[in-house]
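To keep things clear, I will list the structure first and then write my remarks on it.
The values are calculated or read from the model by the stated rules, or taken from the named source; none is laboratory data. Given the structure is predicted, the values throughout are model-derived calculations rather than measurements. Here the Cβ positions follow ideal geometry from the backbone for every residue, glycine too, while neighbour counts run over all protein chains shown. Heavy atoms of the whole protein, side chains included, go into the accessibility calculation; ligands, DNA and RNA do not. Shrake-Rupley method; radii C 1.70, N 1.55, O 1.52, S 1.80 Å.
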There are 2 protein chains.
Amino acid sequence: MTITITAFAASPDRGRGLARDFRVRWALEEAGLPYEVQLLSFEALKQPDYLAQQPFGQIPAYREDGLILFESGAIVLHIAERHPGLLPADPAARARAISWLFAALNTVEPPIVERSMALMLEGDRPWAAERMAMLDANVAKCLVQLARHLGDAEWLDGGFSAADLMMVTVLCRLGASELLAAYPALTAYVARGEARPAYQRAFAAQLAVFEASQKAG
Amino acid sequence: MTITITAFAASPDRGRGLARDFRVRWALEEAGLPYEVQLLSFEALKQPDYLAQQPFGQIPAYREDGLILFESGAIVLHIAERHPGLLPADPAARARAISWLFAALNTVEPPIVERSMALMLEGDRPWAAERMAMLDANVAKCLVQLARHLGDAEWLDGGFSAADLMMVTVLCRLGASELLAAYPALTAYVARGEARPAYQRAFAAQLAVFEASQKAG
């Protein structure tokens, strides 16, 4: 089985592991699966041959022999269901981990992405300060519940799973913001994720791509 | 097996099927599974006993004998994986349908929810018109790709699946906006979803709850 994923040839996150191929790289490293990477320019993402693989022109797409998948959540779940190390074996625990995977993507990530986009695209608008206070409050509402749930546990529900992988990558989008720093349980949780050898191998791989793009450019 | 889901006692959507219990009701109807509903006040959602089931204080939570799940995406997937009618049997087609389920929730829904929230919470702010143009453009970017992919097909990928169920409920959040009306392929797609008997049973059930709350209040 040959696995190929797509990624930005020159990621706008400058190699900080925030592009969504990183989640898939991390999952593949946890599962011990080798993979190849097809690097794409922004222009290539809009071409019909790529849209046939990824209908929204995003990265990553995932190819495994004849199968083509998209959406980082679906790809990580696909890997986690077929290889040990990313989901518990017990069916109930497995279903709960999948609840947390969806929570990372559909409850915690949207307000964090909305805030990042506002910082990037609306920072110079007259309304920026007033809106940012609202957006910070939306993020904090999620973080306070997440920190309460986590308490002093190591991971979201029992052992490390694809849900933690996803939640850590989502929280990393807050970067060095003071929002995350207000919750020591969450900064420790993110640090535990980042300390995993699979995380580090995945991080180094995506950083190497960005560094190569800078030399080439 | 007794299935119980939670829902708003008095839904802020006024029975229009936009609250996230509706997706789960529809999936249960497609699978032919009977279910009970525990109605909750906004106050009850914040209580520790409910947060132990649903860590973010949202609806729906899902209980099935000893198992408690949350996140409408995870619950619909749980039902779809265990009962016929919501996912294709072929493993590759099944994985592709799950990609589309995630796309509905993680690519298409966030800009639609962001736009709805802005209409509701920021409509009277001085920046409303300028921001709404940006938010409309973000939604349209998704819709144009979705309409291009759909073409004149009935459903997203082969037969009706949980992915269509989710995508239709996400598009319904656009309501009567002109954004959706600009894509006849998408309005026809939504209409096909709404015409399904399971959709109609689920819609009637959530509307009955809202109407009862109005008489009681």
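Worth pointing out:
- Region B:153-217 and region A:1-48: distance between their alpha carbon centers, rounded to Å: 34 Å
- Legend: calculated FRET efficiency, A:Ala182 to B:Ala195, from the Cβ-Cβ distance at R0 = 45 Å, rounded to 0.05, equals 0.40.
- Distances between placed amide hydrogens fall under 5 Å for A:Ile59 paired with no residue 5 or more residues away or on another chain.
- Copy-to-copy label separations for A:Glu154, where each label sits 7 Å from Cα toward Cβ, in nm and ascending: 5.0
- Amide H contacts for B:Gly15 (H built 1.01 Å from N in the peptide plane; partners 5 or more residues away or on another chain; cut-off under 5 Å): none found.
- Within region A:1-22: backbone nitrogen closer than 15 Å to the A:Ala204 label point (7 Å, Cα to C-beta): none
- Remark: region A:3-12, residue by residue, has Karplus-estimated 3J(HN,Hα) of 9, 10, 10, 9, 8, 5, 5, 9, 5, x Hz, where x stands for each Gly or Pro and the curve is 6.51 cos²θ - 1.76 cosθ + 1.60 at θ = phi - 60°.
- Among beta bridges that DSSP assigns inside the protein assembly as shown, antiparallel share in %, nearest 5: 60 percent
- Calculated from backbone phi, Karplus (6.51, -1.76, 1.60) coupling profile of region B:192-203 in Hz, x at Gly/Pro: 5, x, 5, 7, 5, x, 5, 4, 5, 5, 5, 5
- Considering only chain B, percent of DSSP beta bridges that pair antiparallel, nearest 5: 60 percent
- Long-range amide H partners of A:Ile3 with built H, under 5 Å: A:Glu36
- Residues of type lysines that B:Lys141 reaches as a straight line, Cα spacing below 18 Å, ignoring anything fewer than 8 places off in the same chain: A:Lys46
- For region A:30-40, the Karplus equation 6.51 cos²θ - 1.76 cosθ + 1.60, evaluated at θ = phi - 60°, returns couplings of 4, 7, x, 9, x, 8, 10, 10, 9, 8, 10 Hz by residue, with Gly and Pro reported as x.
- For chain A, size of Cβ-based charge dipole, Lys and Arg +1, Asp and Glu -1, in debye: 120 debye
- Among A:Glu178, B:Glu71, the sequence by solvent-accessible area, most first, with a 1.4 Å probe is A:Glu178, B:Glu71.
- Probe 1.4 Å - accessible area at B:Lys141, Å² to nearest ten: 140 Å²
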